[in-house]
Amino acid sequence: MSPLVSIITINLNNAFGLELTIKSVISQVSDDYEYLIIDGGSQDDSLDIIKNYSTSNLFWLSEPDRGVYDAMNKGISKSRGSYLLFLNSGDSFLNENSLQILLDNSKGEDLIYGDLIVKNDGEDYLKSYPEKLNIRYFFRESLPHPATLISRNCLLRLGMYDISLRLVSDWKFFFLAVVKENVSYKHVPFPISVFPFDGMSSQDKFNELQQLERNLVINKHFGVYFFWYKVYLLLTGKKL
């Protein structure tokens, strides 16, 4: 028997993207999930969309929040699943088998992550993720929320998402979980979800803030290591 998965969608005034996401969730062949939509008090047609698809398997609330990570924490608090997967409005599963593929490849790891199809200005491309993760990888990259099953115990043990960060709290969680807490993980080498490259963290104008927030996290948790690693790079002429 597969574990229950809590699929959580965060939305604010994105009715079109929300309906796309909902349709991809309810089309899944696996029924080992509950669905939660956390809306930030939308003023567009989002609530009508939610009500149109309302079932006993769907929990939703709509109220102001303190940002996307606050909304994600609300979803965690309301969920019951052994695993959680965040498929935010506009994201979608690639096909009806996506959730089942992740579950079939799960052996109880804390993180089970697949690959993404990224939509960027009309051009779709496959973003693949590595089998092995280390600190060097997380200096440059993160894991894909729309294609990752996250153990509930792992999320609660690490304290959920840091709402003081605007852009990188999800990256911080994955970084600390893998590098500092040494959680178990597994890569599933199949495209699981479709991700539109249009969020705040994807926009060039937010690059400086994103890097600043990442540096704050790195220096707080790996300050000494990071200093000597930069010295090593300088002496060897290697790049990060």
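With r defined as the distance between the Cβ atoms of R140 and K220 and R0 fixed at 25 Å, what FRET efficiency is calculated, to the nearest 0.05? Please list the in-between numbers first.
Details: r = 19 Å, r/R0 = 0.75.
The computed FRET efficiency comes out at 0.85.
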Review point. Within a Cβ distance under 15 Å of T148, other residues only, what is the Lys/Arg minus Asp/Glu net charge?
Key: -3
**Study point:** Dipole of the stretch 5-202, positive direction: furthest Cα of I10, V188, F138, with charges on the beta-carbon
**Key:** F138
Check your understanding: Where the eigenvalues come from the Cα gyration tensor of the stretch 27-104, what are the semi-axes √(5λ) of the equivalent ellipsoid, largest first, in whole Å?
Key -> 22, 15, 12
**Study point:** Simple spin-label estimate for Q43 and N207 in nanometres, 7 Å along Cα-Cβ
**Key:** 3.3
Revision key, fill the gap. Per-residue Cβ contact counts at 10 Å, fewest first, order K127, K107 as K107, K127
Check your understanding: If amide H atoms are built 1.01 Å from N in the plane of the peptide, which residues on other chains or at least 5 residues away come under 5 Å of the amide H of D45?
Key -> A15
Study note, to complete from the structure: Neighbour-count ranking for E123, E181, E141, E19 (other C-beta within 10 angstrom, fewest to most) reads E123, E181, E141, E19
**Study point:** DSSP-defined beta bridges in the chain - what % are antiparallel, rounded to 5
**Key:** 30
Revision key, fill the gap. GNM on the chain, Cα springs under 10 Å; top mean-square fluctuation among I76, I38, I26 goes to I26
Review point. What Kirkwood hydrodynamic radius do you get for the stretch 1-140 when you take the inverse of the mean 1/r over all pairs of distinct Cα atoms, in Å?
Key: 16.1
Exercise for review: Tell me the label-point distance for the pair F16, E131, using the 7 Å Cα-to-Cβ offset, in nm and rounded to one decimal.
Suggested key: 4.1
Practice item. Report the net charge of residues surrounding G223, where surrounding means a beta-carbon distance below 14 angstrom and charges are Lys +1, Arg +1, Asp -1, Glu -1. Key: +4
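Given Cα positions, please report Rg to Rh for the chain, the hydrodynamic radius being the Kirkwood one.
Details: Rg = 17.9 Å, Rh = 18.6 Å.
On the Cα set of the chain, Rg over Rh gives 0.97.
To the nearest 20 debye, what charge dipole does the chain have about its Cα centre, counting +1 at the Cβ of each Lys and Arg and -1 at the Cβ of each Asp and Glu?
Value, rounded to 20: 1260 debye.
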Review point. Counting Lys and Arg as +1 and Asp and Glu as -1, what is the net charge of the other residues whose Cβ lies under 9 Å from the Cβ of P196?
Key: -1
Practice item. Rounded to the nearest 500, what is the 222 nm mean residue ellipticity of the chain from helices alone, with -39500 (n - 2.57) per DSSP H run of 4+ residues and division by all residues? Key: -11000 deg cm²/dmol
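Starting with the fewest neighbours, write out T55, T148 ranked by other beta-carbon atoms found within 10 Å of each beta-carbon.
T55, T148
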**Study point:** For I192, distant residues with modelled amide H under 5 Å away
**Key:** D115, L116, I117
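Here, each number is a calculation from the coordinates, and none is a lab measurement. No experiment lies behind these values; they were computed from the predicted model shown. All Cβ positions, glycine included, derive from the backbone under ideal geometry; neighbour counts span all protein chains shown.
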